[in-house]
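Below you'll find the structure, written out as structure tokens, and then a few comments.
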Amino acid sequence: MRTDFAFVGVMLVTAALLMGVALIAASLLRPKKPSKAKLETYECGMETVGDTWVQFRVQYYVIALVFVLFDIEAILLFPIAVAFNSLTFFAVANVALFVIVLLIALLYAWRKGALDWE
Amino acid sequence: MTIHQVLFIVMALAILGSAIFVVTTSNLFRAALMLILTFFGVAGLFVLLDIGLFAVAQVLIYIGAISILLIFAVMLTRGMQGMVPRNSQAVAAAVTVGIIFAVLLLLFGPFRVTVDVARWPVFSLFAGNASPRDVGGIEWTPPNQPIPSVPETYIADFGRSLVDLNQYLLPFLLIAFLVDVVLAGAIFVARQRRPAEVIEDRRRQAEEAAEEAEAMRQAGMAPDVAPLPEGAVASTAEH
């Protein structure tokens, strides 16, 4: 089991090396002549307008919360799906109840217009 | 040192360092980002404990969802950039965390707590001839047996225990209800009401108030001027 995750570790190290080597080599090789125009925030070549820090809409929060709902549902349903072949009818009925209760939350959010984007 | 010990030390240092940064930095946004590193470290510890499912759950739920929620919460707050948030309860928080940590360490750590109140010096006066040296205390027993390995089928076992009436069925279903309640509360607080809805609500309130006043007047005990809520439509209240 642990050795399966060794691949994840190898990938993390490789990704860090790729980024790190590129950035460090660039900072060693490049000439350093900063000017006012060069130090400005880069935004697709356009001049930036306004404050960088804007207030987000509160609807993002509700959408993220709905996402948490289905995250929890998914992570709890995975182990049950693994054990599915040995489950009783009672167990499957309870899984259905779990999903239905969470669906009620989604229907409530939908009905209240929390999912609408204006 | 084995490779596991090296990995554990690296992860523990990453967790400790990022956690200390989270509670000491004054920039909330950076604190939220460093919290992601802490969560990653904990996921790594789960991998070292050979419970990959919990590592995946940690990445999916804590890094994928909770961190996003936290970052949104920071971004939603107005004027976060100029402000330097200060925690005025740092001491209380530190004491609380210390107590919780000590209790957890004594409960699950390699310690054995023996408390024998009858043998404490003062109480021993009433408890006969117990020697005052045996007052109980905390013994440290270094773990000499290896950590029991996780069975191959632990994911299926966990899944079966979630829907087993004798194990975790009730918490499993309660999670669904808890998430329902949280979502309903968040929607109630955060939802932006449409202008049409606000007008409709006011109109309904005014109608209800008018009906109530009418009913009371017919019952013969009404005051001549019924109290009306703000925004009531005058023509509705006339008759």
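The values are calculated or read from the model by the stated rules, or taken from the named source; none is laboratory data. The shown structure was predicted, so the numbers you read here are calculated from the model rather than taken from an experiment. As a convention, Cβ positions derive from the backbone with ideal geometry for all residues, glycine included, and neighbour counts pool all protein chains shown. SASA here: full protein model, heavy atoms, side chains in, ligands and nucleic acids out. Shrake-Rupley method; radii C 1.70, N 1.55, O 1.52, S 1.80 Å.
Can you tell me the Rg and Dmax of chain A, counting just the alpha carbons, in angstroms?
My reading of the Cα-based Rg and Dmax gives 24.6, 72 Å.
Specify which residue in the list A:90, A:19, A:69 is farthest towards the positive end of the charge dipole of chain A, using unit charges on the beta carbon of Lys, Arg (+1) and Asp, Glu (-1), about the Cα centre.
A:19
What residues of the stretch B:44-66 lose no less than 50 Å² of accessible area with every protein chain in place versus their chain by itself (probe 1.4 Å, heavy atoms only)?
At a threshold of 50 Å² (probe 1.4 Å), the residues of the stretch B:44-66 that become less exposed are B:47, B:50, B:60, B:61.
Please tell me the relative contact order of the stretch B:1-86 in percent, rounded to the nearest whole number, where contacts are Cα pairs under 8 Å and at least six residues apart. Kindly include the intermediate steps, with their values, before the conclusion.
On the way: 72 pairs, mean separation 24.8, N = 86.
Result for the stretch B:1-86 is 29 percent.
Keeping all protein chains in the complex and leaving out DNA, RNA and ligands, what accessible area do you get for residue B:202 with a 1.4 Å probe, in Å² to the nearest 10?
Counting only protein heavy atoms, residue B:202 exposes about 130 Å² to solvent.
Can you list the HN-Hα couplings for the stretch A:97-109, worked out from phi with the Karplus curve (6.51, -1.76, 1.60; θ = phi - 60°), rounded to whole Hz and with x for Gly and Pro?
4, 4, 5, 5, 4, 6, 5, 4, 4, 5, 4, 4, 4
Quick check: at a probe of 1.4 Å, how many percent of the accessible area of chain A sits on carbon and sulfur atoms? Provide the component values of the computation, followed by the final result.
Details: 6310 of 8800 Å².
The computed percentage sits at 72.
Kindly write out, for the stretch B:54-67 in residue order, the coupling ³J(HN,Hα) from the Karplus curve 6.51 cos²θ - 1.76 cosθ + 1.60 (θ = phi - 60°), rounded to whole Hz, with x marking Gly and Pro.
Going residue by residue, I get 6, 5, 5, 5, 4, 5, 5, 8, 6, 7, x, 10, 5, 5 Hz, with x marking Gly and Pro.
What accessible area, in Å² to the nearest ten, does a 1.4 Å probe give for residue B:152?
150
So which trypsin sites (Lys or Arg not before Pro) in the stretch B:1-101 end up in coil per DSSP with only 12 or fewer other C-beta atoms within 10 Å? Spell out each step's value before the answer.
On the way: sites: B:30, B:78, B:86; in loops: B:78, B:86.
Sites meeting the loop and neighbour criteria: B:78, B:86.
Once phi is turned into θ = phi - 60°, what whole-Hz ³J(HN,Hα) does the Karplus curve with 6.51, -1.76 and 1.60 give for every residue of the stretch B:154-170, x standing for Gly and Pro?
Taking θ as phi minus 60°, the curve returns 5, 5, 5, 4, 4, x, 5, 5, 5, 10, 9, 4, 7, 10, 10, 5, 5 Hz for the stretch B:154-170.
Can you show me the helix-derived [θ] at 222 nm for chain A, built from DSSP H runs with n ≥ 4 at -39,500 (n - 2.57) apiece and divided by the number of residues, rounded to the nearest 500. Don't skip to the answer; put the middle values down first.
Numbers: 3 runs with 71 residues, N = 118.
-21000 deg cm²/dmol, from helical runs alone.
In Å², nearest 100, what accessible area do chains B and A bury in total when the solvent probe is 1.4 Å? Mind dumping the intermediate values first?
Numbers: alone 19100 and 11140 Å², together 25510 Å².
Using a 1.4 Å probe, the pair buries roughly 4700 Å².
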